[in-house]
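Each remark here refers to the structure printed beneath this line.
The values are calculated or read from the model by the stated rules, or taken from the named source; none is laboratory data. From a predicted model like this one, the values you see are computed outputs, not experimental measurements. Methodologically, a virtual Cβ is constructed for each residue, glycine included, from the backbone with ideal geometry; neighbour enumeration extends over all protein chains shown. What goes into the accessible areas is simple: the full protein's heavy atoms, side chains included, and nothing from ligands, DNA or RNA. Shrake-Rupley method; radii C 1.70, N 1.55, O 1.52, S 1.80 Å.
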Amino acid sequence: MKPFDLPSEPRVTEMAWPTRIVFGAGALLRLPAQAQRLGIQRPLLVTDAGVVKAGLAARVADVLKAAGLACEVFDRVEPNPTERDVFAGLEAYRSHACDGIVALGGGSALDAGKLIQLLTTHEPPLSRYDDAKGGDQYVRDDLPPLIAIPTTAGTGSEVGRSGVVTLEDTGRKTVIFSPHLLPRAAICDPELTLGLPPGVTAATGMDAFTHCLEAYLANGFHPLADAVAIDGIHRVGRSLETAVRDGKDLAARTDMMVAAMEGAMAFQKGLGACHALAHALTPVSNVHHGLANAIVLPVVMEFNRAVCTARLARVAVALGDTTLSREEVLAGNAIDRVRKLNAAVGIPSRLRDAGVQEKDLERIAQKAFQDASHLSNPRKVSQADLLAMAREAY
């Protein structure tokens, strides 16, 4: 498998997915053109305190203001966004008479931006739109335009059609899903991820990897998603260690930003038990979503191994395995390679090392079983199965 040859000076390229994607080093400078295309004159810049501290929010605001766009900043998104964050953002949107949203940050800020966008024209509560309960049928297309600008390479929310939020009434991390939530434009500038701390790079990178892997293994027929997922797996396998080791390596950062997009593009096919557990681990144990995925993933792969041996063998090849072994051997090699990748980028091997308490495992399994992600797992999953996997990962 030949690696993709990155140009020595990555050029800015525009693509359609259907989100208009402006990709490449320096793409941020094309933000005003996209705002003008979408008719945005008074954007609400939705972000978080970390992005503000890093100076990225000011950088984006300056680009907007230089083009004559009045920009208001809302920076109160928590690392794991809650319904309260969304309503506070909605108040800011209305009080400043905004006409569009620019969401800047990792998955939390991008998801919060989507849900603020939703509530500008849709009645609360957010639980009404819970994907696990068929809430997508209530999402209309009368939404203000949203431009997404990722500052990490993980969730791929900039090209995804869902927002994830912890609801007040259930305390559960909930997926709200609709094609109408797709950003109208994504500004994907890998320069915005240069210097991202190693731990964040590793956790978000493994989140992108898990999206690609679970989508590839998920039930259903979607060869386009499969092709995109395999390419994303290959990119993470060859570039994540470099990005963690050298935060200023633009080629590695570019590869990871592509992989993050590909993960979100691919998981329209579905996810699996790993994401169900991760969605429970965050609200119960306050574990970063990408970190939770990374720790649990090898255990879930082993659980699924018997029903997707051939696909796991292809994963091993995408990760660089050249042994030409039987599929059964290659499937095992894929799981070993994921464990080794975790170790190489500093991911702990056990949930207990990430602060999870044993007494919470049953509650984690219960919440995971309520999550719709496991419904597309290649092997049918019970609550007892989820508890057994959580215990093994613990």
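Any residue at all in the range 13-28 that is acidic (Asp, Glu) and open to solvent by 80 Å² or more (accessible area, probe 1.4 Å)? The answer is yes, given that some residue of the range 13-28 is acidic (Asp, Glu) and open to solvent by 80 Å² or more (accessible area, probe 1.4 Å).
With respect to the conditions (1) in contact with a Cys (Cβ under 6 Å, 6 or more places away or on another chain); (2) over 21 Å from residue 218 (Cβ atoms), residue 297 lacks only one, and its number is (2). Taking the conditions exactly as written (of a type in the set (A, V, I, L, M), closer than 24 Å to residue 347 by Cβ, touching a strand residue (DSSP E or B) at 6+ places or on another chain (Cβ under 9 Å) and modelled with pLDDT of 95 or more), does residue 213 satisfy them or not? Spelling it out, it is not the case that residue 213 is of a type in the set (A, V, I, L, M), closer than 24 Å to residue 347 by Cβ, touching a strand residue (DSSP E or B) at 6+ places or on another chain (Cβ under 9 Å) and modelled with pLDDT of 95 or more.
May I ask you to list pairs of residues, at least six apart or on different chains, whose Cβ atoms are under 6 Å apart, with the first in the range 59-75 being modelled with pLDDT of 95 or more and among the aliphatic types (A, V, I, L, M) and the second being open to solvent by less than 60 Å² (accessible area, probe 1.4 Å) and assigned to a loop (DSSP other than H, G, I, E, B)? Cβ pairs passing all conditions: 61/71; 64/71. When you check residue 365 against the structure, is it open to solvent by less than 60 Å² (accessible area, probe 1.4 Å) and over 30 Å from residue 197 (Cα atoms), yes or no? Yes; evaluated as a whole, the condition is true for this residue. Looking only at residues that are touching a Lys or Arg at 6+ places or on another chain (Cβ under 9 Å) and assigned to a helix (DSSP H, G or I) in the range 137-163, which one is surrounded by the fewest Cβ atoms within 10 Å (Cβ to Cβ)? That would be 138. Within the range 342-394, the set of residues being of a type in the set (Lys, Arg), over 22 Å from residue 175 (Cβ atoms) and in a helix (DSSP H, G or I) comprises 352, 359, 391.
Considering each residue of the range 340-362, count those that are of a type outside the set (Gly, Ala, Ser) and crowded, with 18+ Cβ neighbours inside 10 Å, and give that number.
Within the range 340-362, residues that are of a type outside the set (Gly, Ala, Ser) and crowded, with 18+ Cβ neighbours inside 10 Å number 7.
Across the range 207-236, the number of residues qualifying as assigned to a loop (DSSP other than H, G, I, E, B) and surrounded by fewer than 21 Cβ atoms within 10 Å (Cβ to Cβ) comes to 4.
Based on this model, can you work out whether residue 32 counts as open to solvent by 30 Å² or more (accessible area, probe 1.4 Å) and not charged (D, E, K, R)? So residue 32 fails the test. Residues in the range 282-298 that are open to solvent by less than 10 Å² (accessible area, probe 1.4 Å), out of contact with any Asp or Glu (no Cβ under 6 Å at 6 or more places or on another chain) and modelled with pLDDT under 95: 282, 287. One residue stands out in the range 204-229 among those that are under 19 Å from residue 290 (Cα atoms) and among the aliphatic types (A, V, I, L, M): the one that is nearest to the chain's Cα centre (by Cα), namely 208.
As a summary of the residue check, residue 16 satisfies the conditions (1) modelled with pLDDT of 95 or more; (2) within 21 Å of the chain's Cα centre (by Cα) except for the one numbered (1).
I need a count of the residues in the range 218-256 that are in contact (Cβ under 8 Å) with a residue 24 or more places away in the chain and closer than 20 Å to residue 347 by Cβ.
Final tally of qualifying residues: 16.
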